[in-house]
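> Attaching a single structure in structure tokens format; questions to follow.
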């Protein structure tokens with residue numbers, strides 16, 4: 001795991017010193033070493049920068065940027081099956097100097113071109129400069145585990161693992177993209193391929209971008225698409241056969257993620273995904289795995305007991321960390337620096353805490369994300385399957401009356417239900433579902449915080465909605481089901497721009513490499529073809545995954561409600577964070593900024609503090625944006 005940065009400057013005004021500053025802005029991603037290569041030609045100059053977190057081949061032969069013949073590379077990530085690819089290349093007369101996966105990528109690209117990625121099992125973002133063809137190729141892994149930002153304006157191309165790198169280039173124009181603000185207010189992040197700044201973009205997962213240095217032509221190529229898994233006939237096999245094959249694929253994917261020359265651990269929450277990951281890995285080795293969990297008892301976030309039970313049963317070397325509410329709150333001020341773009345998922349707080357604590361013991365930690373998106377684990381899938389048809393059967397006029405009544409009665413006034421986890425936010429979203437309960441609208445409604453109408457009320461400029469994968473229609477009619485539709489959308493959107501961004505920034509903030517075993521592309525390619533009933537069966541989410549887990553862990557140890565990293569945002573906004581709300585959302589600041597309507601913000605605060613707790617998430621989104629704005633756009637004040 002590392003940080004990469006660089007440029008192509010057709011104006012030839014960028015110096016090697018600028019390259020060094022851009023690269024060293026990412027030192028938290030790679031504290032173990034650095035490399036800078038600068039090339040100058042009559043028509044352009046090129047810079048490749050690298051910050052190294054040593055994981056595989058700790059010697060100098062693994063140093064980057066790396067050269068092979070006419071190719072130079074700067075690379076972030078891991079190709080876990082590089083040893084097998086290396087043997088294949090050796091049979092084709094390739095000779096290697098060191099033992100790194102970086103060198104294998106270079107040789108593979110030399111041999112097979114961009115199609116070399118078809119052989120890669122891993123997570124990666126890399127840039128290869130070919131001095132012979134005068135082309136630069138940028139590649140991002142299939143799921144988008146590794147980030148890749150780029151900027152193109154006035155004959156200057158910049159790229160980096162994080163946006164903060166661009167701010168060290170004197171010609172980077174740091175201008176807010178208003179439509180990105182609108183997208184953030186809807187989704188709590190800026191969806192790919194868009195970015196908070198104008199002329200900035202995220203390279204889409206499964207894509208390569210090739211730049212012809214002679215013509216300045218940009219060519220985007222998609223080499224992998226999750227819909228290729230869903231747009232196939234479902235496999236004709238028994239559940240028993242499917243379970244055996246699924247377990248084999250999971251085992252291969254999990255064990256590949258242990259490839260490293262440094263200590264490796266596992267984040268263990270005690271839930272199904274992390275418990276299965278830990279159980280399968282521990283069973284296949286004699287040495288004890290290091291496992292990590294965190295609890296914040298002050299706020300009711302404490303999975304430590306569940307994780308300890310699983311750890312005790314499996315016999316892992318377990319580390320349990322407990323922190324206070326004060327420590328959790330202190331993380332909030334750090335978020336704008338590490339996330340670069342406004343980001344509203346409050347679970348970034350405990351994720352950052354557990355990463356910092358795990359880093360004291362290991363350099364690599366496995367995270368069990370994506371099990372929900374691949375095997376149907378989210379409550380929204382359950383809601384769709386249980387209630388989708390029923391909602392559609394309710395006459396429109398009755399649904400309209402229900403919404404009007406809900407607008408009058410706040411969530412805080414609903415007996416019993418008001419005490420349920422996240423009820424006030426769900427209450428707010430239910431209004432949108434009653435308005436239009438189609439699977440498409442249900443997915444879109446459950447994914448966004450502000451509706452189109454509400455955006456026009458809160459934003460002080462006309463909104464032009466982005467085209468995003470939330471509205472994808474790539475799932476073909478012949479293979480359509482509401483469940484497959486929602487899971488495919490989540491894989492391209494929520495997983496990519498929320499979960500993976502959260503884990504990458506949280507882990508890299510403390511120089512910890514986070515690996516995602518469930519995002520081995522072979523898993524989704526297999527699971528996408530499984531019948532829906534193997535994933536969701538009679539109200540049982542993640543059916544096949546749970547059945548496999550019960551082969552390793554007793555069912556009575558695992559059967560409990562899904563918990564997750566729940567942060568009491570409403571309580572914090574009403575108490576500990578009230579001063580921040582007043583400071584960042586005061587009238588003068590809002591008016592001077594010119595992005596939000598001051599009257600709407602004033603009403604939002606007034607309504608929330610008058611008892612409408614269902615508005616907590618909407619207020620949190622505004623606060624997270626304002627804190628990001630002051631950190632990154634300070635010159636505007």
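What follows is calculated from the coordinates using simple rules that are stated; it is not laboratory data. The structure presented is a predicted model; accordingly, all values stated were derived computationally and were not measured. Please note: Cβ atoms are built from the backbone with ideal geometry, for glycine as well, and neighbour counts cover all protein chains shown.
> How far apart, in nanometres, would the label points at residue 111 and residue 221 be if each is projected 7 angstrom from Cα along the Cα-to-Cβ direction?
Distance between label points: 1.8 nm.
> So what is the 222 nm mean residue ellipticity for the chain from helices alone, if each DSSP H run of at least 4 adds -39500 (n - 2.57) and you divide by all residues, rounding to the nearest 500 deg cm²/dmol?
On the way: 28 runs with 260 residues, N = 637.
Value at 222 nm, helices only: -11500 deg cm²/dmol.
> Going by a ≥ b ≥ c, the root eigenvalues of the Cα gyration tensor, does the range 130-183 fall in the rounded group (a/c under 1.5), the prolate group (a/b larger than b/c) or the oblate group? Could the numbers behind the result be given before it?
Numbers: a/c = 2.14, a/b = 1.28, b/c = 1.68.
The shape class here is oblate.
> Please compute the modelled spin-label separation between residue 286 and residue 559, points set 7 Å along Cα→Cβ, answer in nm with one decimal.
3.7
> Tell me the Rg and the Dmax, in Å, that the Cα atoms of the range 330-392 produce.
17.1, 52
> Then there's this: For the range 104-156, just say rounded, prolate or oblate: build the C-alpha gyration tensor, square-root its eigenvalues into a ≥ b ≥ c, call rounded for a/c under 1.5, and beyond that prolate if a/b exceeds b/c, oblate if not. Mind showing how you got there, number by number?
On the way: a/c = 3.00, a/b = 1.18, b/c = 2.55.
Note, shape of the range 104-156 comes out oblate.
> Calculate the spin-label point distance for residue 313 paired with residue 576, positioning each point 7 Å from the Cα along the beta-carbon direction, and give it in nanometres.
Computed distance between label sites residue 576 and residue 313 equals 3.2 nm.
> Let me ask something else. I need the peptides 27-38, 100-111, 456-467, 148-159 ranked by packing, meaning the mean over residues of other C-beta atoms within 10 angstrom, with the highest value on top. Intermediate results must be reported in sequence, preceding the final value.
Details: 27-38: 18.6, 100-111: 23.3, 456-467: 14.5, 148-159: 20.6.
So the peptides 27-38, 100-111, 456-467, 148-159, ranked by packing, come out 100-111, 148-159, 27-38, 456-467.
> Extension gain residue 599-residue 174, at 0.36 nm per residue separation less the Cα-Cα distance, in nm? Intermediate results must be reported in sequence, preceding the final value.
Working: separation 425, 0.36 × 425 = 153.00 nm, distance 2.77 nm.
So the chain would gain 150.2 nm between residue 599 and residue 174.
> Report the relative contact order of the range 100-166, percent, no decimals, based on alpha-carbon pairs under 8 angstrom and at least 6 residues apart. Walk me through the numbers on the way to the answer.
Numbers: 62 pairs, mean separation 12.3, N = 67.
18 percent.
> Sorted from fewest to most neighbouring beta carbons within 10 Å, what does the list 291, 322 look like? Numbers along the way, then the final one.
Values: 291 30, 322 14.
Neighbour counts put them in this order, fewest first: 322, 291.
> Using R₀ = 41 Å, calculate the FRET efficiency as 1/(1 + (r/R₀)^6) where r is the Cβ-Cβ separation of residue 32 and residue 10; round to 0.05.
With R0 = 41 Å, the Cβ-Cβ based efficiency is 0.80.
> Debye calculation, C-alpha points only, no solvent: report log10 I(q)/I(0) for the range 2-224 at q = 0.08, 0.14 Å⁻¹, in the same order as the q values.
-0.27, -0.84
> Please tell me the relative contact order of the chain in percent, rounded to the nearest whole number, where contacts are Cα pairs under 8 Å and at least six residues apart.
On the way: 1109 pairs, mean separation 101.4, N = 637.
This gives 16 percent for the chain.
> With a 10 Å radius around each residue's Cβ, average the other Cβ atoms per peptide and rank 496-505, 252-261, highest first. Please list the in-between numbers first.
On the way: 496-505: 23.4, 252-261: 18.7.
Those peptides, ordered most packed to least, come out 496-505, 252-261.
> Tell me, what is the FRET efficiency for residue 591 and residue 325 to the nearest 0.05, using R0 = 51 angstrom and their Cβ-Cβ distance as r? Don't skip to the answer; put the middle values down first.
On the way: r = 33 Å, r/R0 = 0.65.
So, using R0 = 51 Å, E works out to roughly 0.95.
> Note down, for the chain, the three equivalent ellipsoid semi-axes (square root of 5 times each alpha carbon gyration tensor eigenvalue), biggest first, whole angstrom.
Sorted largest first and rounded, they come to 38, 31, 24 Å.
> How far is the Cα center of the range 104-128 from the Cα center of the range 353-385, in Å?
27
> Need one word for the range 552-628: rounded, prolate or oblate. Basis is the Cα gyration tensor (sqrt eigenvalues a ≥ b ≥ c); a/c below 1.5 gives rounded, then a/b vs b/c decides. Please list the in-between numbers first.
On the way: a/c = 3.48, a/b = 2.73, b/c = 1.27.
It comes out prolate by the Cα gyration axes.
> Cβ neighbours within 10 Å, averaged per peptide: list 618-630, 5-17 in order, most packed at the top. Walk me through the numbers before you get to the answer.
Details: 618-630: 21.6, 5-17: 19.2.
Result, highest mean Cβ count within 10 Å first: 618-630, 5-17.
> What relative contact order, as a whole-number percentage, does the range 522-637 give when Cα pairs under 8 Å and 6 or more residues apart are counted? Write out the running numbers ahead of the final one.
Details: 48 pairs, mean separation 21.6, N = 116.
About 19 percent, as a whole number.
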